[in-house]
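Written below as structure tokens is the structure these notes are about.
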Amino acid sequence: MNLEDIYNQLEKLENDLEYYINRLEEIKSLIMPQGTSFDKILVDGGKHTDKVLKYVETEDRLQLEATIKYIKDKINHLNTLKEKEIERLAKYGEYVKVVVLLKEKEFIKEYNGKKRHLTWNEIADKVYCSRRTAINWYKLGIEERKRTL
């Protein structure tokens, strides 16, 4: 798995995590006891609560908490994988590491909002080398990645 895939999965998981946390907060607000409203005076018994609905909401809350824990564990695993990949690339030299990171991680947003990878010329300008040297360093990093798998 290359760094681009790792970063894409991390971004998707962080979006999913935000969604599930918001959903959990909504369910908690339904389950938790509400504050007393003094603008209405209850006469004749009070408020009826549906126990089946409360049970379903509680089950949803437990399922959401399990999903959130799973997503957090997966995010931690991908972050560990990302750090190991960066450490592995550092063994082959700082330039190889930087070129692979620039090629797989860095994007440029264009005027229409779409993202694109850096071109080899842009990478070579950032690393202060020739285009061919940047390509060779990238190939070295990729070949070493394939060997270690």
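What follows draws every value from the coordinates through simple rules; no lab data is involved. Quick caveat: nothing in here was measured; it's all calculated off a predicted structure. In this analysis, Cβ positions are derived from the backbone assuming ideal geometry, glycine residues included, and neighbour counts consider all displayed protein chains.
Shown here for region 70-149: chymotrypsin sites (Phe, Trp or Tyr not before Pro) in loop regions (DSSP other than H, G, I, E, B) with at most 14 other Cβ atoms within 10 Å, namely TYR111, TYR128. Here the 3J(HN,Hα) profile of region 133-146, calculated from phi with Karplus coefficients 6.51, -1.76 and 1.60 at θ = phi - 60°, is 5, 4, 5, 5, 5, 5, 4, 4, x, 5, 4, 5, 5, 5 Hz, Gly and Pro shown as x. Within the set LYS28/LYS82; LYS103/LYS146; LYS69/LYS91; LYS12/LYS91, which residue pairs have Cα atoms separated by over 26 Å? Too far apart for the 26 Å limit: LYS28/LYS82; LYS69/LYS91; LYS12/LYS91. Applied to region 80-97, the Karplus parametrisation 6.51 cos²θ - 1.76 cosθ + 1.60 on θ = phi - 60° returns per-residue 3J(HN,Hα) values of 5, 4, 4, 5, 5, 5, 5, 5, 5, 5, 5, 5, 9, x, 5, 5, 4, 4 Hz, with x for Gly and Pro. D by Stokes-Einstein for region 93-149, Kirkwood Rh over Cα pairs, 4 °C, 1.567 mPa s: 109 µm²/s.
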